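Inspection log for the structure reproduced underneath, given as structure tokens.
Derivation of every value follows stated rules applied to the coordinates shown; laboratory data play no part. Treat the numbers as computed from the prediction; the structure is a model and nothing was measured. All Cβ positions, glycine included, derive from the backbone under ideal geometry; neighbour counts span all protein chains shown.
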Amino acid sequence: MSESSSQSMRKQSPEQRARLLRVALGLLVTVALVVIPLVTPGTLGRFTAAVNNTANSGTVMPFFSCREALTKETGRVFAYQFNETRPTNLVDGSNSSTASSYVTPRNTATACKHDTVGYLEFAGNTKSPSIVRNTTSVTPPQTYTQELWFQSTGTQGNLMALTNNDTYPQELKFDRELYVGASGKLNMSNYVSATGGFERVQSPATVADGKWHHVVATRDPAAGFASVYLDGVLVGSTPATGTLETYSPARWRIGCARVDSWPDAPAKSAECFKGNIGFAAVYNRGFTQQDVTNHYKAGVWGP
């Protein structure tokens with residue numbers, strides 16, 4: 001800085017010097033906001049941020065596909081991607097290697113934007129070749145989460161349930177039910193053995209609309225609630241204070257199970273789901289809203 005410039009600065013009042021400093025800092029911030037996006041475009045793929053006035057907030061997406069969400073999440077009992085190209089046993093993407101069988105190859109399209117794996121088509125009757133029968137017996141859980149992507153082409157039917165028999169409709173025990181009811185609405189229902197009543201959550205609107213939906217049904221007695229999230233949004237919850245029925249054997253089934261006499265039960269002839277199911281999983285823990293958001297965004301993010 002020249003001697004004349006230094007003398008000029010000394011002659012300025014403290015208020016004038018502070019004003020000049022604020023202007024200079026403002027220019028630096030403006031330049032930074034313009035330059036950073038230009039020089040670091042690669043960092044934006046796994047970071048989302050929002051700027052509002054002077055407050056900044058950002059969140060890192062942990063999963064960038066439905067496959068990542070299912071195979072990297074904690075607490076998995078099983079996680080099926082339906083990636084098999086020929087009739088065979090399903091490959092379990094969790095660490096537990098829980099086997100399931102089905103007899104028809106998957107559709108080559110996908111339920112999620114950033115995945116290449118397909119989905120299974122369900123015919124809506126007892127002869128549907130896509131009914132997924134879990135071959136590993138489990139201890140009926142009090143705390144659990146069910147997750148899947150589904151597209152209903154019918155009006156009703158069972159999406160997932162826990163049963164005591166591999167063959168429909170021979171099961172005598174069936175609960176932890178997730179189904180499209182006679183109303184076309186989504187239902188999560190549990191039988192509380194001590195009271196003989198039901199814990200039930202129902203979506204406010206129909207899901208029998210031919211669109212792909214992401215559903216998470218979670219029961220967490222420690223948190224006190226059973227809740228259903230549809231397309232990332234909480235659509236209903238109910239207190240989870242009772243003890244659910246236990247029995248053995250107990251196996252998860254996808255696509256067809258008895259629901260007779262349950263709230264908003266499908267017609268007996270429509271208990272088997274008609275439509276498509278992709279990316280199905282069960283977890284041994286409750287899901288939070290953030291867990292649900294992470295999984296839903298994994299399937300829909302981007303333009």
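Classified by the C-alpha gyration tensor, segment 66-300 has a rounded form. Its axis ratio a/c, with a ≥ b ≥ c, is below 1.5. Decide, for segment 150-250, between rounded, prolate and oblate: order the square roots of the alpha carbon gyration tensor eigenvalues as a ≥ b ≥ c, take rounded if a/c falls under 1.5, and otherwise choose prolate if a/b is larger than b/c, else oblate. Taking the square roots of the gyration eigenvalues as a ≥ b ≥ c, segment 150-250 is oblate. Checking the cross-link pairs K72/K113; K72/K173; K274/K297 against a 21 Å limit on the alpha carbon distance flags K72/K173; K274/K297 as lying beyond it. As I understand it, the dipole of segment 66-300 uses +1 on the Cβ of Lys and Arg and -1 on the Cβ of Asp and Glu, about the Cα centre. Which of A226, P263, Q170 lies farthest toward its positive end? It is Q170, whose Cα lies furthest towards the positive end. Going by neighbour counts of Cβ atoms within 10 Å, the residues T110, T155 line up, fewest first, as T155, T110. Net length available on complete extension from Q290 to V60 is 81.6 nm, with 0.36 nm assigned per residue and the Cα-Cα distance removed.
The trypsin sites (Lys or Arg not before Pro) of segment 124-231 that DSSP puts in a loop, and whose beta carbon has at most 16 other beta carbons within 10 Å, are K127, K211.
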